[in-house]
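A.B. asks: Let me give you the structure first, and then I'll get to my questions.
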Amino acid sequence: NAGVTQTPKFQVLKTGQSMTLQCAQDMNHEYMSWYRQDPGMGLRLIHYSVGAGITDQGEVPNGYNVSRSTTEDFPLRLLSAAPSQTSVYFCASSAGAQNTGELFFGEGSRLTVL
Amino acid sequence: KQEVTQIPAALSVPEGENLVLNCSFTDSAIYNLQWFRQDPGKGLTSLLLIQSSQREQTSGRLNASLDKSSGRSTLYIAASQPGDSATYLCAVRPAYHKLVFGKGTKLTVNP
């Protein structure tokens with residue numbers, strides 16, 4: 001009954017370091033996405049994927065890379081961390097367009113860049 | 001560009017009160033609308049999903065309505081409890097790949 005699992009839950013980085021936030025879902029969902037949540041800005045879409053091998057940019061993609069080699073996993077890579085990337089990151093998934101499209105979220109990954 | 005607004009930003013009520021949270025959106029061309037709950041430091045929990053062809057959905061003490069023509073949705077909470085204290089977020093899905101979120105209403109239910 002795992003749903004959407006994100007790791008790590010907390011991370012502190014120094015400016016310029018790189019890291020990967022992991023996201024896995026066990027619901028066989030086609031759609032997966034990454035959002036960041038910042039005070040006063042709400043949730044903003046970073047990248048999304050509509051199936052294995054298919055990814056695209058969202059509203060705020062700069063500084064982030066994604067890949068989707070399997071249906072289950074959708075990692076988010078920070079290439080060279082900047083203080084502006086301090087945020088809470090959420091991974092979300094939903095079934096394909098022919099289904100209800102209800103979005104399920106992970107518990108979040110809290111990232112601080114010093 | 002689709003924009004979602006939630007008013008009020010914060011709401012404080014005594015326990016037992018019935019209350020309504022409001023969500024408005026600027027473009028009626030949506031795939032569906034979803035209400036979420038977020039507790040401090042936690043992820044988003046889906047409460048109710050209303051497809052574009054539906055008018056309302058109910059789950060326990062919660063009832064959500066959708067009026068696409070006026071660009072409005074309401075979340076009705078009956079007999080509020082302190083455990084209902086959380087931030088409630090509304091999101092519309094204008095396309096399959098994208099959700100647009102409001103900034104939420106922070107609800108406090110006082111014992």
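A.B. asks: How about segment B:3-69: which chymotrypsin sites (Phe, Trp or Tyr not before Pro) there are in a DSSP loop, with at most 13 other Cβ atoms within 10 Å of their Cβ?
C.D. replies: none
A.B. asks: Any idea how far the Cα center of segment A:1-41 sits from the one of segment A:54-68, in Å?
C.D. replies: 13
A.B. asks: Which of the peptides A:77-87, A:34-44 is most tightly packed, and how do the rest follow, going by the mean number of other Cβ atoms within 10 Å of each residue?
C.D. replies: The most tightly packed comes first, giving A:34-44, A:77-87.
A.B. asks: Further question: For residue B:63 and residue B:29, compute 0.36 nm times the residue count separating them, minus their Cα-Cα distance, and round to one decimal in nm. Please list the in-between numbers first.
C.D. replies: Details: separation 34, 0.36 × 34 = 12.24 nm, distance 2.21 nm.
Stretched fully, the residue B:63-residue B:29 segment lengthens by 10.0 nm.
A.B. asks: Compare the Cα positions of B:76, A:55, A:105 along the charge dipole of the protein assembly as shown (+1 at Cβ of Lys, Arg; -1 at Cβ of Asp, Glu; about the Cα centre) and return the one farthest towards the positive end.
C.D. replies: About the Cα centre, the residue reaching furthest to the positive side is A:55.
A.B. asks: Another one. Select from A:59, A:30, A:72 the residue whose mean-square fluctuation is largest in a Gaussian network model of chain A (Cα-Cα springs shorter than 10 Å).
C.D. replies: A:59
A.B. asks: Quick one: compute the contact order of segment A:44-114, relative version, from alpha carbon pairs under 8 angstrom and 6+ residues apart, as a percent.
C.D. replies: Values: 110 pairs, mean separation 16.0, N = 71.
This gives 22 percent for segment A:44-114.
A.B. asks: In addition: Which lysines does residue B:42 reach when only Cα atoms under 27 Å apart count, and residues fewer than 8 places away in its own chain are ignored?
C.D. replies: A:9, A:14, B:98, B:103, B:106
A.B. asks: If you add up the charges near residue A:26, with Lys and Arg at +1 and Asp and Glu at -1, over every other residue whose beta carbon is less than 13 angstrom from its beta carbon, what do you get?
C.D. replies: Around residue A:26, the surrounding residues sum to -2.
Where a number appears in this text, it was derived from the coordinates with a stated rule and is not lab data. Just so it is clear, the structure is predicted and the values come from calculations on it, not from any experiment. Cβ: placed from backbone, ideal geometry, glycine included. Neighbour counts: every protein chain shown.
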